[in-house]
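Everything below concerns the one structure shown next.
Please treat every number below as a calculation from the coordinates, not as lab data. Please read all numbers here as calculations on a predicted model, not as lab measurements. Note: ideal-geometry Cβ built from the backbone for every residue, glycine included; neighbour counts use all protein chains shown.
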Amino acid sequence: MATTTQDTQIRLFETPRPTTLRQVMAQQVTTFLVAGIVNPFGPTLNAVVAAGMLDPGVTLPIMRLMLNPFSQEIETLGEISVAESWRPSAVIYPLFDLPFGSCPTLVLPSQLLDAERAALLHADFLQRFDDARRVLEDVKQFFGNPWDRVSMEMHRSTAEMKNPITEAKRPLDEKEATDLAGLLLSEKHVRPEFQAFLCAWRGSITHIAPGLATMSFNEFAHVLAHLTFSCHTPDLSGSQA
């Protein structure tokens, strides 16, 4: 599948090709999408990146990473050929249909996007998730307080395991998706959410499954810094994960 924006082309392979974290870390990357799920039992980060700098005339591999403390998947999805001028959002949109799991509560927009474009693009992205409505309700209720939200989610999950609830999932409409994107991208949300994600990573290794982790906190922090170098990230100076 190929998508053209002016002369820039992104081509996704029919079958992704396995790759290694070493190959991702071997060069600077340009990040398109970062989506995280804060789960004390296994926080999960999904990222889609181009391996290299998007200079005119280059063709770079596009890689997808799924990282949690106990399992990781890294694969090459396709490639991007960069022209003199192009619209980043038009290249990023085709990546929305990749597997991202549940609706994220942590999104870190690429520096390729200004604030307005990031809000529009992530609103469209969030509409793709069946469970986005519940995330919108939970983030609204516990805005800026991921700790109590996650605690509530854990209690709810336990209750639903005992008494399963079957309900039709309604996708977010455009306004609701815009509202959720605005919340997730806001400074009041993203800073504590980022901190909660890091704490969940450390806590899941220490308290949930000691000895089973395949990616330590220190290794993950190093990889995360590499992946988000070209993203808008919150200032965590003075805080401890």
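General remarks:
- Taking GluC sites (Glu not before Pro) across the stretch 104-177, the ones in a DSSP loop with at most 12 further Cβ atoms lying within 10 angstrom of their Cβ are GLU167.
- Peptides 102-110, 71-79 ordered by average Cβ neighbours within 10 Å, highest first: 102-110, 71-79
- Here the calculated FRET efficiency for LYS140 and SER85, from their Cβ-Cβ distance with R0 = 51 Å, stands at 0.85, rounded to the nearest 0.05.
- Note on the chain: with a GNM built from Cα contacts shorter than 10 Å, the maximum mean-square fluctuation among VAL150, VAL82, VAL58 falls on VAL58.
- Ranking of VAL190, VAL34 by count of other Cβ atoms within 10 Å, fewest first: VAL190, VAL34
- Helix 187-203 axis, angle to the chain major axis (alpha carbon atoms, nearest 10°): 80
- The trypsin sites (Lys or Arg not before Pro) found in the stretch 139-229 that occupy coil by DSSP, while having at most 13 further C-beta atoms within 10 Å, are LYS169.
- Per DSSP, loop chymotrypsin sites (Phe, Trp or Tyr not before Pro) in the stretch 166-236 with at most 15 further Cβ within 10 Å: PHE229
- Value of Rg to Rh for the stretch 127-241 (Rh from inverse mean 1/r over Cα pairs, i.e. Kirkwood): 1.00
- Rh (Kirkwood; distinct C-alpha pairs) - the stretch 2-227, Å: 18.5
- Order of TRP86, TRP147 under a 10 Å beta carbon neighbour criterion, fewest first: TRP147, TRP86
- Ascending count of other beta-carbon atoms within 10 Å, so fewest first, for HIS226, HIS189: HIS226, HIS189
- Dipole magnitude of the chain about its Cα centre (Cβ charges: Lys, Arg +1; Asp, Glu -1), debye to nearest 20: 480
- Within the listed set ALA213, ALA119, ALA35, the Gaussian network model of the chain (springs between alpha-carbon atoms below 10 Å) gives the highest mean-square fluctuation for ALA213.
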